[in-house]
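Down below is the structure, laid out as structure tokens.
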Amino acid sequence: MVGNGRESLASVSTIRVRTAASAAREAQTVPTAAAPGFGAETATFHFDGQVDGVAYPSLSPAQQETFKAEFFKEIASLKSWARQQDWSPSVPPALQIFVSDEYKISRSLIPAALDCRGRMEFPAWKAIAGEAAIAHELVHVYFPNGNRLLAEGLAIYLQAKIGGNPSFPNFGRPLHQVARELLRTMVPEFENGRPETLDKIHITELDKIATPSALRLRVGRDLYDNTPVGHAHVYPLAGSFIEFLIETHGTDKLRALFERTPLVPFERNPGSADRWIDTHGLSLADIELQWKTMIANGAP
Ligand SMILES: [Zn+2]
């Protein structure tokens with residue numbers, strides 16, 4: 001995905017095109033501080049696209065303006081949340097936002113792992129449909145993490161909590177409810193009020209996955225892998241688990257946990273199991289059982 005996306009976008013810029021298309025491809029740089037953002041970083045939007053190998057803007061001028069307005073609204077929401085939680089973001093020098101049909105999925109965490117933090121990619125159709133998970137991707141830029149469960153869980157939780165639009169993976173529905181419904185299909189023996197019937201689910205295994213590896217979860221003989229179907233099952237669980245952590249144990253402990261596994265480009269560090277005891281006073285297995293108990297008891 002990275003190679004393909006970048007190469008085809010790079011080739012677009014070398015193609016001679018009509019003047020109007022060239023004008024539409026010009027980078028549009030806006031200071032996010034004025035927008036407002038977190039600091040002095042700038043945001044540059046790229047609406048490159050192509051049709052039959054010829055450059056063609058991915059969005060209409062009006063759609064571009066709508067997308068930019070939504071983008072800055074999401075930055076303002078994230079800034080406000082961070083201030084309320086007293087959680088200082090890690091601010092990149094600049095944001096480079098690409099909206100193109102070259103992309104099948106939205107991405108910003110993998111570019112960060114490849115030392116391109118601030119590069120954000122959105123499929124054009126998602127931007128047009130209002131389904132782009134802008135808040136989710138902004139969390140990856142401002143709060144990246146070397147532990148993939150924490151990185152994705154916080155991004156999913158915040159998209160659901162403060163994001164301006166319903167989007168993947170819960171599309172506006174409560175994360176715990178979505179997780180509960182998915183667990184019923186993933187674990188047929190799951191029974192209300194009996195958390196032990198969820199023994200096949202191992203959040204402890206998800207906690208061993210380092211960014212940039214994908215979240216994968218084995219449940220008995222089934223593997224929820226790095227596929228759209230796999231993501232649709234595992235991401236709501238990650239989001240529900242982080243929501244439970246924040247609501248039950250508080251943001252301060254989660255922030256301390258986050259600080260134990262900073263994202264360092266070209267390195268892998270999901271963190272050790274001990275860090276849960278250091279930050280939360282409980283093992284991850286204990287916290288996982290608390291989460292399963294909440295899910296099994298049907299709390300909202
Ligand atoms: Zn993500």
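Worth a mention:
- Loop-resident chymotrypsin sites (Phe, Trp or Tyr not before Pro) (DSSP state other than H, G, I, E or B) in the stretch 90-198 with no more than 14 further Cβ atoms inside 10 Å of their Cβ: 171.
- Links that overshoot a 19 Å alpha carbon limit, given the list 73/104; 104/126; 73/126; 200/292: 73/104
- Our helix-only sum for the chain, with -39,500 (n - 2.57) per DSSP H run of n ≥ 4 divided by its residues, gives a mean residue ellipticity at 222 nm of -15000 deg cm²/dmol.
- Placing one equal scatterer on every Cα of the stretch 185-261 and applying the Debye formula, the log10 ratio I(q)/I(0) at q = 0.12, 0.13, 0.23 Å⁻¹ is -0.40, -0.47, -1.22.
- Taking amide H as placed 1.01 Å from N in the peptide plane, residue 96 has its amide H under 5 Å from the amide H of 44, 119, 120, each at least 5 places away in sequence or on another chain.
- Of the trypsin sites (Lys or Arg not before Pro) found in the stretch 64-156, the ones in coil according to DSSP and having at most 16 other Cβ atoms within 10 Å of their Cβ are 104.
- Helix 284-296 axis, angle to the chain major axis (alpha carbon atoms, nearest 10°): 90 degrees
- Degrees separating the helix 228-249 axis from the principal Cα axis of the chain, which is the longest one: 60 degrees
- Listed from fewest to most Cβ neighbours within 10 Å, the set 120, 186 follows the order 186, 120.
- Taking only the Cα atoms of the chain, the radius of gyration and Dmax are 19.9, 65 Å.
- A convex hull fitted to the Cα coordinates of the stretch 51-115 yields 125 cubic angstrom per residue.
- Cut-off of 10 Å, at most 14 other beta carbons, DSSP loop: longest stretch of the chain lacking such GluC sites (Glu not before Pro): 27-188
- Restricting the stretch 205-270 to chymotrypsin sites (Phe, Trp or Tyr not before Pro) that sit in a DSSP loop and have at most 14 other Cβ atoms within 10 Å of their own Cβ leaves 266.
- Each of 249, 136 was scored by other Cβ atoms within 10 Å of its Cβ. Arranged with the fewest first, they read 249, 136.
- Principal axis box of the stretch 30-187, alpha-carbon based, largest edge first, Å: 49, 37, 29
- The stretch between residue 213 and residue 29 holds 63.1 nm of extra length on full extension. This uses 0.36 nm per residue minus the Cα-Cα distance.
- With the charge dipole of the chain set up from +1 on Lys and Arg Cβ and -1 on Asp and Glu Cβ about the Cα centre, the Cα lying farthest toward the positive end among the listed residues 229, 100, 138 is that of 100.
- Rg and Dmax, both from the Cα atoms of the stretch 107-189 and both in Å, are 13.9, 44.
Bear in mind that the values in this text are calculations on the coordinates, not laboratory data. The structure presented is a predicted model; accordingly, all values stated were derived computationally and were not measured. We place every Cβ from the backbone using ideal geometry, glycine too, and count neighbours over all the protein chains shown.
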